[in-house]
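Structure, as structure tokens:
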Amino acid sequence: MIPIKDKASEIIPTYKPFSDSIGYKVWNRPLEGLEDYLVYVSKAGVVEYNSDMSHLAWCQTTKSLLGMGANMSVLSRAVEDFRFPSSWILGLTWEQFLGWHIWKKGYNLLFNPNAKVHHLIHGQTLSRSIKDTKKETLRWIEYNLLFYRLYSLEQNLSKMNRITWLMFSILVDIKKICKDKEIQRIIRMKSKFRSELIGLKWLLTRKLGARYSPLIDLKNFV
């Protein structure tokens, strides 16, 4: 890990907000078996970072789902039968989707703090310096759709946790927009509503036995 703009790591949480303690028990509860993972998927179907594991992750190898798309390696036999669905465009949360599949097959995934990644700052990427409003909207919609991608596969996902997470995260967005003047949060808030509409349509068509791909709606933001 090397400092980038005074930030030593983009994966290890550097501080623990007060809301983390409550959220971990209410809306950010990890799927059963991921309680001691640094990066995990919550019962609300959201990628989260366990700040309680930070003190370990800074100095020793720690269990963790795949974090961000760099310096990752997995056993070939762990992914030989895996195929990414074709219903992504930008691919946000691909890493955790793959990590979840590997974990469900009985493998441990590890974060090694001694593995160094040198970033090249070169303008707009999937996660940095995004200037295009449509691309930023699509990015957050895909991020929030993980719950629906895993819904038919992961029985420990919780609708109640999803609703609680959605309500709390929207309240945070409103606070950031109105009090802290973070106007860019409007895109994130709108994306939550759009992803829920797409997700509910996805669930309904599955229940009715109809065919639907979120790409139909996601392509509107390309």
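The values are calculated or read from the model by the stated rules, or taken from the named source; none is laboratory data. Remember, predicted model here, so these are calculated numbers, not experimental data. Cβ atoms come from the backbone with ideal geometry, glycine included; neighbour counts cover every protein chain shown.
Say whether the condition of being assigned to a helix (DSSP H, G or I) and at pLDDT below 95 is met by at least one residue in region 114-132.
Taking region 114-132 as the starting set, the residues that turn out to be assigned to a helix (DSSP H, G or I) are none.
No, region 114-132 has no match at all.
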Next on the checklist: Whether any residue in region 206-222 is closer than 15 Å to S152 by Cβ, of a type in the set (G, A, S) and within 17 Å of the chain's Cα centre (by Cα) is what I want to check.
Outcome noted: no
Checklist entry - So is L218 under 27 Å from G99 (Cβ atoms) and in contact with an Asp or Glu (Cβ under 9 Å, 6 or more places away or on another chain) or not? => result yes
Checklist outcome for this item: By my count, helices (runs of 4 or more DSSP H) wholly in region 33-112 with at least 1 residues that are at pLDDT 90 or above are 76-79, 94-104
Checklist outcome for this item: Counting only residues that are assigned to a helix (DSSP H, G or I), surrounded by 13 or more Cβ atoms within 10 Å (Cβ to Cβ) and of a type outside the set (V, I, T), region 194-219 contains a total of 11
Checklist outcome for this item: Residue pairs within 8 Å by beta carbon, gap of at least six or interchain, first lying in region 84-103 and within 15 Å of K135 (Cα to Cα), second among the charged types (D, E, K, R) and surrounded by fewer than 18 Cβ atoms within 10 Å (Cβ to Cβ), listed first then second, are I89/K219; L90/K135
